[in-house]
Structure formats: structure tokens, C-alpha cells
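Some notes on the structure that comes next.
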Amino acid sequence: MKMRNLAAALLASASLAACAAGPDYVAPVTPPAAEAPFIGAGSPQVTATAPDDTWWRLYADPVLDGLVQDALAANTDVRVAVARIAKARANLRGSRADALPQTSIDGSGTYGRKAESQVLPGADRQGRTVDGEFAVSYELDLFGRVSRGIEASRADYAAAREDADAVRVTVAADTVRAYVDATSAAEQLAVAQHTVDLLDRSVRITQARFEHGLNQKLDVIRVTQLREQQAAAIPALQATRDAALFRLATLTGRTPQDIPASVRERTTTPDVGQPIPIGDGRTLLARRPDVKAAERRLAADTARIGVATADLYPKITLGASVGTTAAGATDVFGAGPLRWLVGPLISWAFPNQEAIRARIGGARADVQADLATFDGTVLRALEETETALSAYRNALLRKARLASARDAADRAAKVSLARQSRGQIDALNVLDTQRTLAQSDTDYAQATRDVAFAQVDLFRALGGNWQDGEDAPFPQTAALTK
């Protein structure tokens, strides 16, 4: 009869265990418009094809590929993110261990003297006592405290993985941007030096004409002044290039002295040179690690409502132990008397449950904050992408117009020099065309850099992931329900 009663109790416990306290998680809803094509998708510079995670390979630059790989492997921010993944994985392992039987072995040894009233007449009152016990316990997860804890830890682990991908996106983009900054500065240095060389020639021509009485001394001074103004830009550009190279070193886990020579030799700003694949709103939200991390945190805190709610109900633990007490260590392993016990342990915070209900209220508030954070992250992702698309499109338009302006300024400068040599125009007109050409060359070089920066910003906004294992599922519909 007793065995049948015990079996019935265990069967009832198993059926109750299927009911976990708290709300079941259902993923948040995103607005239908969020999954639509981007406003800037109609530009010929982009395509609706899904973007590639390793987007920097579109530049077809082996040096850049190596730098990004080095950064993803050695960057200190990435290493911190990977360590946080390891911590979250350990926490998940600990939560899963709560679902297993817990075992312990206890032992103690004492030497002392007992009171005369505590021993039999003639027995030795002084001596050694050795005690040993083995215990096992198992919590019946009737109300889902353990299972909800595992659910929360699993979501925390997935969020840590997404956080690591967000760091990788940032590190990859920062590395490409620093590389663009270094190569663009080198290209602008070449432009500035070329402008100075042209002005050196103009100074020589003007000085020669002055010596032959064809120009005034003021003309020589003005051309020389323009030449020095253009030469003054070179140190600033060199400082910009050095700073970009040093930033590259830090991003890739190097000291400034260890920057590869192949990086220093690059003097051309990289350019994709083809339409950039951007996908649509749906693919964006499925790629952005910050969106996925926000969703996983919402899932984790929803599960924690269940953990807190389970404390409203009794906690039942099945336990058993066996042990012995002997007068010496050798007697513990002998055939001495054993003690044992088996039975359930019930603990219940009742009737005063106000502290528990306060924790439940706090957990629900965390979920509401997470939901607001998720919504804000979705909106920011769309905003950043649309802004980056607009900036890229307009940067290309500006570059094209500045290219036309530079070509016109170059033709005007050549014509003015030719006419000056024939004495058809004065030096002031020549100076004006040369000043315009120098400014046009500078503006075009900066526009080339701005286009490359806009490309990097667009790739950063599109996100990406590098998870090797199982990815956290991305939600599509529904809302938090109880």
C-alpha cells in the first residue's frame, strides 16, 4: 500500500511538472513596414540581393582582407566579448545542473571528552569519533523554477553571442574605415605634392618673366604665397595618415611599430566599384545582432518572471542519505551500524508572500523595459540603414560633380599657362586658375574618401554575424502573453 501511494504521488508530481509558472515567451511583433524594401533601394548604386557577412571582400584588396581577419582574431574588444560568451555558457551549464540530482559527501573527525552523564558506567569518556555520510537530493520541478531558469540562461547565452557579433561588426567596420583613412590620406598627400610641384613650375615661370620685365614682383609673391599655402597642407595630411595607421595597429592587436609594410605602401583609396547588396527590411532585422540580442534579452527576462512566480508555490525536494558514526577511522569502513533516511522536504514561503510578489513585479517591469528596448533597436536599425543609403547615394553624386569640376579646372589651368607663355593674359588670371585647380583636386580627393566612408557606414548599418554554432532564432510575430 505504501509503495502504491508513493508511486501515485510521483505520477502526480510528474504531471504537475509539465506546468511551468509564469508567462510563456512569444516573440515581439515588428511593424509590417519594417520588413518592406528600403526607401533608398531604388538607387542604381545598390541591389536588393541579400548582403554578405564578409562584405569587406567586395573591395578585392588582399591587404585589407588580412587586416580584418587579424582584427577579428586579436582585437581586445572581441576578446572581451568572447570571454562574456564563455561566462554565459558556464551559467547555462550551471542552470542545467540544477535539473540533475545533487550529491554530497560529508565527513568529520573529533577528539574529546564527554560528560559523565552521557556515557554508560565503566565506558571510556575520552576518545575519537569519526562520522561519514553520503546524501542525494532531487528537486521536483513542479512549477518550473528550474526549467524557467534554464530557459533564461539559454537566452542569456544567445544574447551574449549576438553581442559578440555586434562587436565584430563594429571592429570590422572600424578596421576598414581606418584603412580607408590611411590610404585616402596617402592619396591626398600625392595630390597635394603634385599641386605643389605644379606651383613650383609656375613660380619658376613667373620669376623668369619678372626677370625679363614681363611680370611684376607682386606676381611672383602671389604665386609663391599660393605654393606655400598648398605645401602647408602636407604635414596635416601626414599626421592624419599616421593616426589612421596607429589606429589600425590597435584594432589588429599590434603595436604601432608592427604595422606591416604592405599597409604603409597602399596609396589608393579602396572602392567597391559595383552595386552594393543591401537586401530589405526583413533581412536587415534578421542580420542585425543588436536587434537579435535585444530579442533574446526579452526572452530571458520573460523566463525570469516564471522563476520568481514559482516561489509562490511549495518547493519539494526528494532526499536520501546514508551514514555511520564510529570510534575510529578504520571502523567507518567496517561492519558497524549504519543510519539512513529517505523522504521529501517541503518548503513554502506562506502566508507572507509580499516579497515574492515584489520580485515578480520587478521582473515584469524588466520585461516591459526590454520590449521598449527591442522596439527602439528596430527603429534605430532602420533609421541608420536609410541614413547610410542616403549618405552613400549623395556622396557618389557629389563625387561625380566634383570630378567634372576638376576636369574643367585642369583644362582652364593648362589654357591659362599656354596663354601666359604667349603674353595673352596676366599672371593674376593664371594664379586664379591654378588656385581653382588646387582646390578642385583637394575637393575631389576628399570626396573619394567620403564615398569610401559612406560605404563603410552602410555596411556597418547592414550588420552581419559570424556565429559558428547554432544561432539564436529570430522572432517574426506575436507578443508577450500570459
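The numbers here are math on the coordinates, done by the rules we state, and not lab data. Since the structure is predicted, the reported quantities are computational estimates derived from the model, not experimental observations. Note: ideal-geometry Cβ built from the backbone for every residue, glycine included; neighbour counts use all protein chains shown.
For the stretch 223-300, GluC sites (Glu not before Pro) meeting the loop criterion (DSSP other than H, G, I, E, B) and having at most 12 other Cβ atoms within 10 Å: E265. With a cut-off of 20 Å, note down the residues of the stretch 149-163 whose backbone N falls inside the zone around a label point 7 Å from the Cα of D77 toward its beta carbon. The answer is 159-163.
Ranking L462, T255, A173 by Cα position along the charge dipole of the chain, where only Lys, Arg, Asp and Glu carry charges on their C-beta atoms, puts T255 farthest toward the positive end.
A dipole drawn for the chain from +1 and -1 charges on Cβ atoms has a positive end, and of A158, P275, P37 the residue lying farthest that way is A158. Only Lys, Arg, Asp and Glu count, each charged at its Cβ (+1, +1, -1, -1), so figure out the dipole size of the chain about its Cα centre, rounded to 20 debye. That gives the chain a dipole magnitude of about 260 debye.
With a Förster radius of 51 Å, plug the Cβ-Cβ distance of A90 and A327 into 1/(1 + (r/R0)^6) and report the FRET value to the nearest 0.05.
Details: r = 44 Å, r/R0 = 0.86.
So the FRET efficiency works out to roughly 0.70.
Looking only at chymotrypsin sites (Phe, Trp or Tyr not before Pro) in DSSP loops with at most 16 other Cβ atoms within 10 Å, what is the longest site-free stretch of the chain? All intermediate terms of the calculation are to be shown ahead of the outcome.
On the way: sites that count: F333, W348, W466.
The answer is 1-332.
Residue-wise HN-Hα couplings along the stretch 438-446, as the Karplus relation 6.51 cos²θ - 1.76 cosθ + 1.60 with θ = phi - 60° gives them from phi, are 4, 5, 5, 4, 5, 5, 5, 5, 5 Hz; Gly and Pro carry x.
Taken about its Cα centre, the stretch 256-387 carries a charge dipole of roughly 480 debye when the Cβ of each Lys and Arg holds +1 and the Cβ of each Asp and Glu holds -1. Candidate values (1) 23.8; (2) 23.1; (3) 29.4 were compared with Kirkwood radius over Cα pairs in Å computed on the shown model; the agreeing label is (3). Projected label points at H194 and D24, each 7 Å from Cα along the beta carbon direction, are separated by 6.8 nanometres. Compared with the direct C-alpha span, the chain from D131 to A208 gains 16.7 nm at full extension, assuming 0.36 nm per residue. Close amide H partners of V46, meaning residues 5 or more places away or on another chain with modelled amide H under 5 Å apart, are I276. The modelled label-to-label distance for the pair A355/A50, using points 7 Å beyond Cα in the direction of Cβ, is 5.1 nm.
Compute the length gained on full extension between A320 and T170: take 0.36 nm times their separation in residues and subtract their Cα-Cα distance, giving the result in nm to one decimal.
On the way: separation 150, 0.36 × 150 = 54.00 nm, distance 5.36 nm.
In short, 48.6 nm is gained.
Residue separation times 0.36 nm, minus the C-alpha to C-alpha distance between A261 and A365: what's the value? Walk me through the numbers on the way to the answer.
On the way: separation 104, 0.36 × 104 = 37.44 nm, distance 5.47 nm.
Here the segment from A261 to A365 would lengthen by 32.0 nm.
The trypsin sites (Lys or Arg not before Pro) of the stretch 121-178 that DSSP puts in a loop, and whose beta carbon has at most 16 other beta carbons within 10 Å, are R125.
How high is the FRET efficiency between D65 and A41 when r is their beta carbon distance and R₀ equals 25 Å, given to the nearest 0.05?
Values: r = 28 Å, r/R0 = 1.11.
That gives a FRET efficiency of 0.35.
Backbone geometry of the stretch 383-399 corresponds, through the Karplus equation with coefficients 6.51, -1.76 and 1.60 at θ = phi - 60°, to 3J(HN,Hα) couplings of 4, 4, 5, 5, 5, 5, 5, 5, 4, 5, 4, 6, 5, 5, 4, 5, 4 Hz, x marking Gly and Pro. Between K114 and N429, the modelled label-to-label distance comes to 12.4 nm, taking each label 7 Å out from Cα in the direction of the beta carbon. Since only A447, L402, N429 are under comparison, the one whose Cα sits farthest along the positive direction of the charge dipole of the chain, derived from C-beta charges on Lys, Arg, Asp and Glu, is N429. Residues in the stretch 72-82 carry Karplus couplings, in order, of 5, 8, 10, 4, 5, 5, 5, 5, 5, 4, 5 Hz; the curve used is 6.51 cos²θ - 1.76 cosθ + 1.60 with θ = phi - 60°, and Gly or Pro positions show x.
DSSP finds beta bridges in the chain, and of those with both partners inside it, around 95 percent are antiparallel. When the square roots of the Cα gyration tensor eigenvalues are ordered a ≥ b ≥ c, the ratio a/c for the stretch 142-186 is 1.5 or more and a/b exceeds b/c, which makes its shape prolate.
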